[in-house]
Amino acid sequence: MFIIPPYVRFALIALCLIGGIALWASLGVWYGIFFVITGIILFVGYVLLGTVAPAAKAIQVQDFDGAEKLLNLTLKPEWLYSANRAFYYMMKGNISLARKDINGGEAWLRKAEQIDIPTPTEKATLHFQLAQIEYQRKNFTAAKKYLAKAKEANIKIPQIREQIDMMDQALKQSGQVKAAQRMGKQGHGMMARGNKRRRPKNR
């Protein structure tokens, strides 16, 4: 897919609008109308799509600083088309998580979760990331809930499938460990009660 770099888009918008209006004023409507309409289309595309696409390319090569700068060029995230708004929040969350800011990353991902993400792959990725956050906090019940949602997408991509399976195994092991710990505590308690001896009565 062809992606117009943000600064190139800004230059084209200015050139088309200013040049089109100048031609319109000097030579007539039909000389400038095409440029004005083109400038308006480019501007509307910028408002609705933002800078999500070029930022995604930066994230693919682990350039998180560059991706953040590109995302900051978005005029109003609230005005983005719903899918792009969700991707915007997800990328902001990924950037925060890459910088070890768990709380910040979670806040952005929660915003993305409130939007109906149309693509199953991105939806599964979002739920998997939330499962990871809950797992790190040892909130295994919530982690299982989000992992179940990631599984529902039935993603066939090997890398994502492998990560989901690994998380599933880790959660099962954590459940076994907790069960063993509970049994161990109960066993120790029973042994402690059994070892108590009555003191002989004073004669």
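The values are calculated or read from the model by the stated rules, or taken from the named source; none is laboratory data. These figures come from a predicted structure and were not determined experimentally. Backbone-built Cβ (ideal geometry, glycine too); neighbour counts: all protein chains shown.
Summary table below
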quantity	calculated
Residue check, Ala14 in a helix (DSSP H, G or I), of a type outside the set (Ser, Thr, Tyr) and farther than 30 Å from Gly105 by Cα	yes
Sole exception among (1) modelled with pLDDT under 95; (2) among the small types (Gly, Ala, Ser); (3) closer than 30 Å to Gln132 by Cβ for Gly28, by number	(3)
Qualifying residue in segment 34-50 (condition: surrounded by 17 or more Cβ atoms within 10 Å (Cβ to Cβ), within 21 Å of the chain's Cα centre (by Cα) and within 20 Å of Arg99 (Cβ to Cβ))	no
Failed item in (1) more than 23 Å from the chain's Cα centre (by Cα); (2) exposed (fewer than 13 other Cβ atoms within 10 Å of the Cβ), with Ile18 passing the rest	(2)
Count of residues meeting criterion [aliphatic (A, V, I, L, M) and either touching a helix residue (DSSP H, G or I) at 6+ places or on another chain (Cβ under 8 Å) or not in a helix (DSSP H, G or I) (or both)] in segment 1-11	3
Test: residue in segment 59-75 that is of a type in the set (Lys, Arg) and on the phi > 0 side of the Ramachandran plot	no
Residue count, segment 1-25 (criterion: under 20 Å from Leu75 (Cβ atoms) and either modelled with pLDDT under 95 or not aliphatic (A, V, I, L, M) (or both))	8
So Ile157, is it at pLDDT below 90 and under 23 Å from Glu68 (Cα atoms)	no
Long-range neighbours under 7 Å by Cβ, at least six apart or interchain, first residue closer than 22 Å to Asp116 by Cβ within segment 135-161, second surrounded by 14 or more Cβ atoms within 10 Å (Cβ to Cβ) and of a type in the set (Lys, Arg)	Ala153/Lys123; Ile155/Arg161
Filtered residues of segment 4-15 (kept if of a type outside the set (Gly, Ala, Ser) and either loosely packed, with under 14 Cβ neighbours inside 10 Å or touching a His at 6+ places or on another chain (Cβ under 6 Å) (or both))	Pro5, Tyr7, Val8
Helices (runs of 4 or more DSSP H) wholly inside segment 58-123 that include at least 3 residues being among the aromatic types (Phe, Trp, Tyr)	82-98
In segment 14-51, the residues that are among the aliphatic types (A, V, I, L, M) and within 18 Å of Leu80 (Cα to Cα)	Ile40, Ile41, Leu42, Val44, Val47, Leu48, Leu49
Segment 71-126, subset buried (at least 18 other Cβ atoms within 10 Å of the Cβ) and of a type in the set (Phe, Trp, Tyr), residue farthest from Ala58 (Cα to Cα)	Trp108
